[in-house]
Amino acid sequence: MYLAGLDIGATKTKIIIFTEQGKVISREKILTDSFNRVEPIIEKSCAQIERMLKDQGIRRSELGALGVGLAGQLDPETGYVDNSPNLKWFGVNFGKKFEKRIKRKIRLANDVNAAAWGEFVYGAARGKGYRNLVAVFPGSGIGGGVVCNGCLVEGATGTAAEVGHLIFRENGLLCDCGHRGCHEAYAGGVPMENRMRKLVRAGKGKLVDKMVNGDLSKINTRTIADAARKGDASAKEVWSDAVSSLNVLCANLVSVFNPEVLVLGGGVIEGNPILVPTIRNYVKTHAVDYSAKTVKVVKSNLGGDAVAMGAAALGAFEG
Ligand SMILES: [Zn+2]
C-alpha cells in the first residue's frame, strides 16, 4: 500500500508518495500561487499527484490514504477551512472540493498536528514504543502538536495545541492573532524578523543593517542570532527574548504532558540548530522533575517531510 501526503505552504506545496513503511518513493514541489483561491491549487495538486502515481506505475487502488496538511483553523471532520492567514483562505470548503476533484476521501489536518503525527509514526518516536509526544515547530509562526496515549489531540474544534498563542508575557508584544504577549510574537520567525526590522529602521541594530547591506528584506532569524552573538545590543534583545520564550514554552509543555519525546522543528530550528541543546538544557532543569528526567528533546527526524507524511499517515492509521 502507498500513501500520498501534501503540505500546502504559503509559497510552495510539497507532495510526497511513500510506502506504508515510510519509504519515500516520489517527492515533488509545486508553487502554491493560488492567488487567495483554493481551486487553482486543488487542480494543480491533483494533476501532480496523478502524474506522480502514473510515473511510478502505482494504481489508484494501491493508494491507501491521501492526507493534506496546512496552517490554519480547520475542521478535520468536514474539511472546512475557517481561516488560513498564510494562504489567505477564509471560510472555504477545501476538503469537499478537493475530494470532488480527486474522487476519493482525503484527511485534512492542521500542519503541525500532522507533523507531530508524522514524527510519532515515522520519525522521532518510531519503533521506540513511545505513547506521548509533543512537537513544537517555530517556523513563520509557532505551531504545536500533541500525541497523548497514542492519539493525536485535535480538540473539540480541531484547534488544539496552538502552543504559539500561549501567553509568554502579559500585556507584551502584539501578536498576529490579536492578543498580546503570545510566544509567537517573540519566537515566531516572521514576528522576530519584523521586530528586528523595526529596530533597524529606528537606527538601532547597526550590525544587522551592515550584515544585510541595508536590504532589510534579507533579515532572517539566522542574521539576528549571528548579530546577537557578535554583540549587537538590539539583536541580542530580540534573540534572547526568542530563546527564553522557547525555553519556557517547552519546559511548560513537558510539565503538562509528561511526554517521552519533545520534537523541535520548523524554520527557526532548522536555521539555528544550536537551539536544540539550549532548549534541552532548560527543559531538563526547569520542567517538573520526573517529566524532565524522562523526556528526550530532539530535532525533527523527518524535517521538511513531517507535515506531508503525517497528514497521509493520519488518513491511514490514526491512533
Ligand atoms: Zn497570538
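Points to keep in mind about this one:
- Cβ-placed point charges (K, R +1; D, E -1), dipole of the chain about Cα centre in debye, nearest 20: 640 debye
- Computed E for ARG201/ARG104 - FRET, C-beta separation, R0 51 angstrom, nearest 0.05: 0.55
- Among CYS148, ASN171, PHE94 - extreme Cα towards positive end, dipole of the chain, charges at beta-carbon: PHE94
- For LYS284, the aspartates and glutamates whose Cα falls under 19 Å of its own Cα, not counting residues fewer than eight places away in the same chain, are GLU260.
- Relative contact order [Cα under 8 Å, 6+ residues apart], the chain, whole percent: 21 percent
- Counting Lys and Arg as +1 and Asp and Glu as -1 over every other residue whose Cβ lies under 13 Å from the Cβ of HIS183, the net charge comes to -3.
- log₁₀ of I(q)/I(0) at q = 0.11 Å⁻¹ - the chain, Debye sum with one point per alpha carbon: -0.68
- Span-like helix ranges in the chain, DSSP H, alpha carbon extent 27 angstrom or more, Kyte mean at least -1.0: 233-257
- A simple count of charges around LYS97, restricted to other residues whose Cβ falls under 11 Å of its Cβ and scoring Lys, Arg +1 and Asp, Glu -1, yields +1.
- Computed packing ranks the peptides 66-77, 234-245 as 66-77, 234-245, most packed first, by mean other Cβ atoms within 10 Å.
Values in this text are rule-based calculations from the coordinates and carry no lab data. Just so we're clear, the structure is a prediction, and the values are computed from it rather than from any experiment. Methodologically, a virtual Cβ is constructed for each residue, glycine included, from the backbone with ideal geometry; neighbour enumeration extends over all protein chains shown.
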